[in-house]
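Below you'll find the structure, written out as structure tokens, and then a few comments.
The values are calculated or read from the model by the stated rules, or taken from the named source; none is laboratory data. Given the structure is predicted, the values throughout are model-derived calculations rather than measurements. Cβ atoms come from the backbone with ideal geometry, glycine included; neighbour counts cover every protein chain shown. Note: areas computed on protein heavy atoms with side chains; ligands, DNA, RNA excluded. Shrake-Rupley method; radii C 1.70, N 1.55, O 1.52, S 1.80 Å.
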Amino acid sequence: MTSDGVVADEAIRAAWDSYRVLEKRTSAKDRQEAQQRVKAAVDAYGREEVSRGTVFLVGVLTGYLIAEQPSGEDRLDPLSDLIPAVICRLPTFEMADPAQVPMVTGVLMAAAMGMDTVGWRDRFGQIPPEEALVHGFVLWLLADLFDSLTGRPGVMDQLMRETFETMDAERS
């Protein structure tokens, strides 16, 4: 595990790949490749680090969603719009353990307040697998909300993949 809210790049990519595995628009070939990258990252960095990558991305997507909307619309209010919209949809995931909702809500609140979500979550110890799964569902819900608000299905996935490609190009 890295420290001070820092997460290995590969763990963040694997966290996004976990989203791609859940996303129905992901082709079977891309889903299989994403699953292989997740497994490789877990083998190399551990499940905990990939879970921290998911918490990091929850913070990033929350920031996107509460930022000023480009079309001049009012931004989403985190307390009355964003967090309830996400938390209320968690029961649609049969595997989402309701006991994990307080912690994932805390991560969303930390993100809405501009805090380092990973640093905030790290204060409570390791992320158990049941909680990690729910963070993955939250990530999917945030991406889906972003896509819905823009009216462009898949736009968040496209933005994230372009970001990772840019990071790769800068390293070369």
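Some observations on this one:
- Remark: spin-label model distance residue 162-residue 39 equals 3.2 nm, labels positioned 7 Å along the Cα→Cβ axis.
- Only helices reaching 27 angstrom along their own axis (Cα) with mean Kyte-Doolittle hydropathy no lower than 0.5 count here, and for the DSSP H runs of the chain these are 47-66, 129-150.
- Highest-fluctuation residue, 56, 137, 93 considered, GNM on the chain with Cα pairs under 10 Å: 93
- For the range 92-169 and the range 1-57, distance of Cα centres in Å: 12 Å
- Compared with the alpha-carbon gap, the fully stretched path from residue 130 to residue 170 is longer by 10.9 nm at 0.36 nm per residue.
- Comparing mean-square fluctuations of 51, 148, 18 from a GNM of the chain with C-alpha springs under 10 Å, the top value falls on 148.
- Taking the Cα centre of the chain as reference, the dipole from Cβ charges on Lys and Arg (+1) and Asp and Glu (-1) amounts to some 340 debye.
- Environment charge at residue 97 (Cβ cut-off 14 Å; Lys +1, Arg +1, Asp -1, Glu -1): -3
- Excluding ligands, DNA and RNA, the accessible surface per residue across the chain is 52 Å² with a 1.4 Å probe.
- For the range 39-172, the relative contact order is 30 percent, taking Cα pairs closer than 8 Å that sit 6 or more residues apart in sequence and dividing their mean separation by the residue count.
- Of the three principal axes defined by the Cα atoms of the chain, the extents in descending order read 41, 34, 33 Å.
- The helix-based estimate of mean residue ellipticity at 222 nm for the chain, built from -39,500 (n - 2.57) per DSSP H run of four or more residues and divided by its residue count, is -22000 deg cm²/dmol to the nearest 500.
- For the chain, built as a Gaussian network whose Cα springs stay under 10 Å, the top-fluctuating residue of 130, 48, 94: 94
- With every protein chain in place, the chain: carbon and sulfur % of accessible area (1.4 Å): 56 percent
- Three principal axis lengths of the range 17-61 [C-alpha, angstrom, descending]: 26, 26, 10
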